[in-house]
Amino acid sequence: MMPTIDEVEQYFETVERLVSDSLTAASLDLPNIREAVNRLWVDITRYGPTFPEIHAGRLGPFELPAPPPPPPPPPKSLIEKTGDWLKDHSWVVSGLILSTLGLGLFAGYRAISAKHAFRRRIKPSTTVPDRRQVVVVLGSDHPLALPLILELEKKGYIVIASVSSAEAVGPLEAKGHGFVRALVLDPNEPTTIPIFLRSLGSSLSRRFPISAAGDPYLPNPSHPLLHSVISFLTMPTSSTSCAPAPLEQVSLHDTYLPYLLSTHVAPLQTLQALLSLLRADAQRTRACRSIVICLPAADARIGLPFSSVRAMSAAATARAADVLRREISAAQGMGRVRVVTVDVGAVGQVVEETTTSPTVDDWTPSEKATYGTALYALSETARTRTPEDVSKFVDSIVGVVSSGTKAAAAGKVVYGIGVGLAYEKVKDWVRGNRFAIGAGAGTYTFASFLPTRFLDSLLGLPYILVGIRNGLLPPHLPANVTSPRADVARIASTDSSTPSDPRVPLTISPQHPRPGTAVQPAGDEHDSASDTESENVGSDTESSSVASSWISLGPGESST
């Protein structure tokens, strides 16, 4: 039975609807199917067997030729290369532009300022500059003071120096050019300090130069102002220096006390009176004032053997300077006053002029036997350093006084830029309020920070070496240092040549016992020697050295 047309059309509509529904249902999962197929292909290529290479045969005459390579790009011009470089280095280009602009502005400013400065130079070169800053130099009798005084005057300061005697006033003022004033201040005479202060006040109210004609005390609107104080009184000189000696033998009343008064008390007493002037002048102007205290580096830093007198005075002065610096920093209105301590080493010929040769003439035989070898080693190891040039010391002090503006390197200019002044400012800030100058000063400064046990071992090494050498070779003592063995032999010969007296107790030296005479035990002799030495320390009289050794007296002789 043949289907009708309606049935055929209905069949095609049913098939079309079925296909449409199937495609619609399958289209939702097509992305997942693609992803699954892609993942399957990736896994096959990664973990599956490698596919063999298939080389297709050549077509022969029917093969098409390969296309020719593209032509190379044309070379870039210089302008294009420069543009590319500028794009790649934009920060460098910006820095160069800013630097060039800054240098151009600075050069223009320098040119304009130099032009105006040249126009301001209307005064003739013969006009004497107006000097108002006064530098007081205490202790100009020291060898380092004279070069410093002349350099300060050359730098434009008025220098008022103290000398120990009236005879030194004229020669010192004659070496200057009218701006050096000498006043008498003897550190060994405390009564001269008030006189010096009155003369200083009078000098601050007079006109300079001192060689100018007319009344020097006419009213002057620009009177001098105290700018700085430099103390050389704290340094040992030929008149105040003490001979090296052990602390056991030093007379505190006759030796140490006068030295302390001249190198410690007198300078501090003078500084006490000058502090009020410094404070008043510092408040009037904005310039920085300074107090410079020079100290021997070896004595102020560590203290060498047999220099107890100098070391005790220098240590006391250094501590006083530290305390004064801290008090000024905590005070009101004295922030522009600096206290600078300078540790001076070997400079110029100061070592030979201020060092006193050791002597043992007034020592007891026991002290000679105990300290003689070490003192001899000191005389051999001294004066072995090459002194530093005086100009370096002078330039350092001038840099402190002027805050670096008038030092030797302050005027150095590189390409129109004043790098010298910046260097001096940085150097003055780095070294602070205490620095060392001179040969050996830096070594003593470094040694002062070492542990005490290690430092004592280093300082005792020269004496140990000299002792070993003297044990192997015969010692050659200087003329002023006598051998302890010779003193003992001399005493023994005196005892043997003198007839004995039964009324006087007889004591024999243990090094030279007399035959047939009983010798005291070592312990009793040591106790008696210790008692004798303790009596010698407590007495500063001349008879102490005689009582330290018992010498037999002949008949009819007395102890006096």
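The values are calculated or read from the model by the stated rules, or taken from the named source; none is laboratory data. Just so you know, these numbers come straight off a predicted model, no measurement behind them. Cβ atoms come from the backbone with ideal geometry, glycine included; neighbour counts cover every protein chain shown. In case anyone asks, the SASA skips ligands and DNA or RNA and just uses the protein heavy atoms, side chains included. Shrake-Rupley method; radii C 1.70, N 1.55, O 1.52, S 1.80 Å.
If the chain between residue 96 and residue 41 were fully stretched, how many nm would it gain, using 0.36 nm times the residue separation less the Cα-Cα distance?
Value of the extension gain: 14.0 nm.
Which net charge results when you count Lys and Arg as +1 and Asp and Glu as -1 among the other residues whose beta-carbon is under 14 Å from that of residue 270?
Net charge in that neighbourhood comes out at -1.
Amide H to amide H under 5 Å from residue 339: which residues, 5+ apart in sequence or cross-chain, H placed 1.01 Å off N in plane?
Here 291 satisfy the definition.
Can you give me the distance in nm between label points at residue 276 and residue 457, each placed 7 Å from the Cα along the Cα-to-Cβ direction?
It is 5.5 nm.
Mind ranking 85, 429 by accessible surface for me, highest first, 1.4 Å probe?
429, 85
Summing +1 for each Lys or Arg and -1 for each Asp or Glu, what net charge is found among the other residues whose Cβ lies under 14 Å from the Cβ of residue 320?
It works out to a net charge of +2.
For residue 441, what is the net charge nearby, where nearby means another residue's Cβ is under 9 Å from its Cβ and Lys, Arg count +1, Asp, Glu -1?
Neighbourhood net charge equals -1.
Do any of 155/412; 154/425; 392/412 go past 19 Å between their Cα atoms, and which?
Cα-Cα > 19 Å for 154/425; rest within.
Run the 1.4 Å probe and let me know the accessible area of residue 35, rounded to the nearest 10 Å².
Counting only protein heavy atoms, the figure is 100 Å².
How much length is gained on full extension from residue 155 to residue 66, taking 0.36 nm per residue of separation minus their Cα-Cα distance?
Between residue 155 and residue 66, full extension yields 22.9 nm more.
In nm, what is the difference between 0.36 nm times the number of residues separating residue 174 and residue 213 and their Cα-Cα distance?
Here the segment from residue 174 to residue 213 would lengthen by 12.4 nm.
With a 1.4 Å probe and all protein chains kept in place, how much accessible area does residue 181 have, in Å² rounded to the nearest 10?
About 60 Å², rounded to the nearest 10.
Taking the Cβ-Cβ separation of residue 87 and residue 107 as r and a Förster radius of 45 Å, what is the calculated FRET efficiency to the nearest 0.05?
Step by step, r from the Cβ atoms, then E = 0.90.
What is the dipole size for the stretch 233-354, taken about its Cα centre, with +1 at each Lys and Arg Cβ and -1 at each Asp and Glu Cβ, in debye to the nearest 20?
840
Residues with amide H under 5 Å of residue 230's amide H, sequence separation 5 or more or different chain, H placed in the peptide plane at 1.01 Å from N; which?
Amide H neighbours of residue 230, under 5 Å, 5+ apart: 136, 137, 138, 292.
Just grab the label-to-label distance for residue 448 and residue 326, each label 7 Å out from Cα along the Cβ direction, in nm (one decimal).
Distance between label points: 1.5 nm.
Efficiency by 1/(1 + (r/R0)^6): what FRET value for residue 405 and residue 165, r their Cβ-Cβ distance, R0 = 30 Å, to the nearest 0.05?
For R0 = 30 Å, the calculated efficiency reads 0.30.
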